[in-house]
Amino acid sequence: MSDLAAVKAALRTQAVETPSWAYGNSGTRFKVFAQQGVPRDPREKLDDAAKVHEFTGVAPTVALHIPWDRVEDYAALAQHAEERGVRLGAINSNTFQDDDYRLGSICHPDAKVRRKAVDHLLECVDIMDATGSRDLKLWFADGTNYPGQDDVRERQDRLAQGLAEVYGRLGEEQRMLLEYKLFEPAFYTTDVPDWGTAYAHCLKLGPKAQVVVDTGHHAPGTNIEFIVATLLREERLGGFDFNSRFYADDDLMVGAADPFQLFRIMYEVVRGGGLDAGSGVAFMLDQCHNIEAKIPAIIRSVMNVQEATAKALLVDRDALTAAQRAGDVLGANAVLMDAYNTDVRPLLREVRQDMGLDADPQAAYARSGWAEKIVAERVGGQQAGWGA
């Protein structure tokens, strides 16, 4: 896209959803390091998310996680979000923390446990009705650790049956987003281990079922941008969980480990129309901020996505196509590298100023006094997060 005005317009309309759990205490399976000023309930999470949107201008929605964000009145929670200038986004289910799920959830060999898991997913759809959320995001820890532990094919049958029941409950404008993960916590088989398995189930379910690509859920060397291009081509890319990995599912800040990979992914998004208003592709962060300050880390993550997107938008598509069709290998690669090596920070500063924002979101947040305010006010009560 060579038209700079069009690039700026696309960047102004970009939206990155932030996850409620990233504002709480989170970390690895070994330890969660608590921080001062962490939210104590979903409303305070929304208050922090509103600050991210206030200073970035492109984080208007917040994903919830049930039961971590369970409240008595979801309509009131949605109203609280709107009063803070944000909206409630995807509803994420949790079928991996109860003791009953030791051998799986909707793939469990016991029908009673499967019923419990499906009922939880149906509850999440009820919550979507109350909040106005479009997306139900599903990730299953289901799998096995030993050969022979369970029947692999039967588990796929159970998965299909459970998904079909939940799919049938979705409203006209609601979607089911199915996430895959290579391994962990199941180490012999994982019931939704890759994009092909997720795609196959979504294809059978219908058009309201789409695939989520978590950028940390792949084997080393996996060409994630190929997966993105293919799913976009098939109109089955529902969204992203953005984070970074060095080894496995590290849940580090997006763009921290391999910013070139993020650029390549975003180029395929742009190339495939994933930024278009009607594409429906959801861009969400899914990260753990264990040693770094949470709100600044989320602001930095949003900025990383913006920078990768800006570079992807600057790719000279005409020159790239000409080089590709001419078989000019080095020339085609040079077109991509020229865009990637462009310093887009001045461009993004202009975009923010055009939006009436501070050119430097991090500095603006630091000056706002919000960090000091929440440390002083959020004393007592139980901090949000999970203990590890």
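Quick one: which of 126, 110, 142 is at pLDDT 95 or above, surrounded by fewer than 21 Cβ atoms within 10 Å (Cβ to Cβ) and either within 22 Å of the chain's Cα centre (by Cα) or of a type in the set (A, V, I, L, M, F, W, C) (or both)?
Criteria check complete, one pass: 126.
So in segment 256-299, with the set limited to residues that are part of a loop (DSSP other than H, G, I, E, B) and of a type in the set (D, E, K, R), which one is least open to solvent (accessible area, probe 1.4 Å)? Break it down into steps so the answer makes sense when it comes.
Start the filter on segment 256-299 by keeping residues that are part of a loop (DSSP other than H, G, I, E, B), which leaves 256-258, 272-281, 286-293.
Of the ones still in play, those that are also of a type in the set (D, E, K, R) are 258, 276, 286, 292.
Numbers: 258: 64, 276: 97, 286: 25, 292: 52 Å².
That would be 286.
Contact map, segment 181-197: first residue closer than 13 Å to residue 217 by Cα, second residue open to solvent by 60 Å² or more (accessible area, probe 1.4 Å) and outside any helix (DSSP H, G or I), Cβ cut-off under 6 Å, separation 6 or more or different chains; pairs are 190/183; 193/182. Among residues of segment 139-168 that are closer than 17 Å to residue 102 by Cα, those with a Cβ under 7 angstrom from a residue that is crowded, with 20+ Cβ neighbours inside 10 Å and polar (S, T, N, Q), sequence gap 6+ or separate chain, pair up as 140/95; 140/105; 142/105; 143/190; 150/144. Total residues in segment 175-202 satisfying the condition of being open to solvent by 20 Å² or more (accessible area, probe 1.4 Å) and either modelled with pLDDT under 95 or part of a loop (DSSP other than H, G, I, E, B) (or both): the figure is 8. Between 331, 327, the distinction of being part of a loop (DSSP other than H, G, I, E, B) and surrounded by fewer than 21 Cβ atoms within 10 Å (Cβ to Cβ) belongs to 327 only.
Would you check if there is a residue in segment 69-80 being touching a residue at least 60 places away in the same chain (Cβ under 8 Å) and either closer than 29 Å to residue 247 by Cα or not in a loop (DSSP other than H, G, I, E, B) (or both)?
No, every residue in segment 69-80 fails to be touching a residue at least 60 places away in the same chain (Cβ under 8 Å) and either closer than 29 Å to residue 247 by Cα or not in a loop (DSSP other than H, G, I, E, B) (or both).
(1) open to solvent by 20 Å² or more (accessible area, probe 1.4 Å); (2) under 20 Å from residue 136 (Cα atoms): which one isn't true of residue 47, the others all being true? With (1) open to solvent by 20 Å² or more (accessible area, probe 1.4 Å); (2) under 20 Å from residue 136 (Cα atoms) applied to residue 47, the lone miss is (2).
The single residue among 223, 243 that is over 27 Å from residue 172 (Cα atoms), of a type outside the set (Lys, Arg) and buried (at least 21 other Cβ atoms within 10 Å of the Cβ) turns out to be 243.
Can you say whether residue 365 is in contact (Cβ under 8 Å) with a residue 12 or more places away in the chain, among the aromatic types (Phe, Trp, Tyr) and within 23 Å of residue 272 (Cβ to Cβ), as far as the supplied structure shows?
Values: in contact (Cβ under 8 Å) with a residue 12 or more places away in the chain: yes; among the aromatic types (Phe, Trp, Tyr): yes; within 23 Å of residue 272 (Cβ to Cβ): no.
So residue 365 fails the test.
Only residues that are under 16 Å from residue 150 (Cβ atoms), touching a residue at least 24 places away in the same chain (Cβ under 8 Å) and assigned to a helix (DSSP H, G or I) were counted in segment 88-136, giving 4.
Of the residues that sit in segment 359-382 and are open to solvent by 60 Å² or more (accessible area, probe 1.4 Å) and in a loop (DSSP other than H, G, I, E, B), which one is nearest to residue 20 (Cα to Cα)? Step through it out loud before you land on a result.
Start the filter on segment 359-382 by keeping residues that are open to solvent by 60 Å² or more (accessible area, probe 1.4 Å), which leaves 360, 366-367, 372-373, 376-377, 379, 381-382.
Applying the additional criterion that residues be in a loop (DSSP other than H, G, I, E, B) yields 360, 379, 381-382.
On the way: 360: 23, 379: 20, 381: 18, 382: 16 Å.
Out of the qualifying residues, it is 382.
Among the residues of segment 42-55, is any assigned to a loop (DSSP other than H, G, I, E, B), in contact (Cβ under 8 Å) with a residue 12 or more places away in the chain, under 17 Å from the mean Cα position of the chain (by Cα) and closer than 23 Å to residue 135 by Cα? Steps first, please.
First pass over segment 42-55, keeping only residues assigned to a loop (DSSP other than H, G, I, E, B): none.
No, because not a single residue in segment 42-55 is assigned to a loop (DSSP other than H, G, I, E, B), in contact (Cβ under 8 Å) with a residue 12 or more places away in the chain, under 17 Å from the mean Cα position of the chain (by Cα) and closer than 23 Å to residue 135 by Cα.
Pairing residues of segment 1-28 that are crowded, with 16+ Cβ neighbours inside 10 Å with residues that are assigned to a helix (DSSP H, G or I) and of a type in the set (Ser, Thr, Tyr), at Cβ distances under 9 Å and at least 6 apart in sequence or on separate chains, gives 10/309; 11/309; 14/309; 16/56; 16/301; 18/301; 22/301.
Filtered by the rule that a residue be open to solvent by 60 Å² or more (accessible area, probe 1.4 Å) and either of a type in the set (D, E, K, R) or within 17 Å of residue 238 (Cβ to Cβ) (or both), segment 145-173 gives 151, 153, 154, 157, 165, 169, 172, 173.
The values are calculated or read from the model by the stated rules, or taken from the named source; none is laboratory data. Computed from a predicted model, the values in this text were never measured in an experiment. Please note: Cβ atoms are built from the backbone with ideal geometry, for glycine as well, and neighbour counts cover all protein chains shown. The area values use the complete protein model at the heavy-atom level, side chains included, leaving out ligands, DNA and RNA. Shrake-Rupley method; radii C 1.70, N 1.55, O 1.52, S 1.80 Å.
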